[in-house]
1. Put a dot 7 Å past each Cα toward the Cβ at residue 449 and residue 107; how far apart are the dots in nm?
2. In whole Å, largest first, what are the principal axis extents of the Cα atoms in the stretch 185-283?
3. Using all alpha carbons of the stretch 48-168, what is the percent of pairwise distances in each 5 Å bin, ordered from the shortest bin to the longest?
4. Would you calculate the volume per residue, in Å³, of the smallest convex hull containing every Cα atom of the stretch 106-272?
5. Span-like helices, the chain: DSSP H, alpha-carbon axial extent 24 Å or more, mean Kyte-Doolittle -1.0 or greater, which ones?
6. Net charge near residue 246: determine it from the other residues with C-beta under 13 Å of the C-beta of residue 246, scoring Lys and Arg +1 and Asp and Glu -1.
7. Could you state the number of Å between the C-alpha centres of the stretch 14-32 and the stretch 414-433?
8. Kindly rank 108-114, 140-146, 173-179 from highest to lowest mean number of other beta carbons found within 10 Å of each residue.
Amino acid sequence: MKKIVAICACPMGVAHTYMAADAIEDAANCLGYAVKVETQGASGIEDKLSPSDIKEADLIIIASAVKISQSDRLSGYEDKIVKVELKQAINNSENIIMEEKQSVWKEFQEHLMTGISYMIPVIVPAGIIMGIGIMIGQFIGVDANSAKLLTSGDPILKFIGWITQVAGAGMMGLMFPVFAAFVSYSICDKPGLAPGFIGGYLAKEMGSGFLGAIAIGIFAGYAVKFLNEHIKFSRTFRPVKNLFLVPVGGSILVIIASYFVIGPIGNILISAITAFIKMIGEFGAVTLGAVISASMAFDLGGPIKTALALSMQLNTDAGVNAWVPAMIGAVIPAIGVGLATIVDKAVFKKAVFTDQMKTDGFACFLLGFMGISEGCIPFAIKDPLFMVPLNIIASGIGGAIAVALGTSAQTGVPAAIWGWPLAHNPVGWVIAVLVGSLIVCAGILYRAKSLSEKTEK
């Protein structure tokens, strides 16, 4: 009798983990296979696979959206492993039992989603803390992001500045280091954490943002994996390798790659985008507004945020209405994605998003109203060829509408909902955000419904 073992895990480790486990067990029993399923979730590891379970298995199924714990147990058994998404395991277990190994893209997605699953718990509280500080500042008539507050003699003003600029912004600054560290960890386990964290920090400092964090996280993971596989020590000296040579060597390689490759490429990209936006400005304010909004939405917090800096310059130096489109481009993707995960059941009479995606979507929705776009990164990662153009088109339309309706604001007015009333013609701002968000919402609902139907078949 053939034997199947499986490991099921998800970011939350609750409902879908057990649903996938049950589906695999039922399918294996129907096919006459012996089966044992390990679950990794909120309760830790349950029904843990023993070394003999793994060795004797004819097939090892990994149904997971994140890096599984204790993955080193599977070393040497790669030829028996099939990796699938949790939803596939739930809906199509009988067919995937004999499926081929996952594609390179699926493996790439797994690494990125592991990074996302650790990044989300960082950016959500960071965004809320920053939002609270800004909102209090707006209420009492001060700019919470002003550096003067940190040296103010008024303890209340100093506290507002501190929670906004030190606590909130400082925590938000951990976003890219945490993301890159756990992408690297997903590839090569614990030795990749330090090089990935350093690489993510450098990506932030060099302004290469999310795209840079992806690149450096992937590079760090595979660099450390290479070193780990090719540096051979006896058992006696293995701690020297694991604690010193591999993490230090990986970190040095990451630093070199960041300085000579990631940084220069980011600078070239920024220069090209800046020149393009300036050229587009010659075609009129509405076109400029569309391009700035679209640029802000492109990579959801990455290097193309040069559009933000340029809009500040245009607002200040040339009096061009560019700040509002920049702010609108930051919020439309997040609000649209979040809205889609909230209304899917009302639209289709059934949910087309998983519980985890609904949780991420609600956080994304809240962050969008606080002017933070990074919450929808998990959705862009899952389906970039669809989501990125959708975000660009919707945000571009929203930016054009705002400018056409004569909406303007001083540089520094936040994209958060409490900043909208501070704009000239705030109704135009709201209309622009509403139209753009509904386009994103409709687009992702259509896509999710199509993918859901395809998976069910």
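Please treat every number below as a calculation from the coordinates, not as lab data. Every value quoted in this text rests on a predicted model; they were computed, and no experiment measured them. Here the Cβ is made from the backbone with ideal geometry for all residues, glycine too, and neighbour counts use every protein chain on show.
1. For residue 107 paired with residue 449, the spin-label model returns 3.7 nm.
2. Principal-axis extents of the stretch 185-283 (Cα, largest first): 69, 22, 19 Å.
3. 2, 10, 15, 13, 10, 7, 5, 6, 7, 8, 7, 6, 3, 1, 0
4. 147 Å³
5. Membrane-span-like by this rule: 104-140, 209-230, 263-280, 323-348, 384-404, 426-456.
6. Computed value for this residue: +3.
7. Using only Cα atoms, the two centres lie 49 Å from each other.
8. The packing order, highest mean first, is 173-179, 108-114, 140-146.
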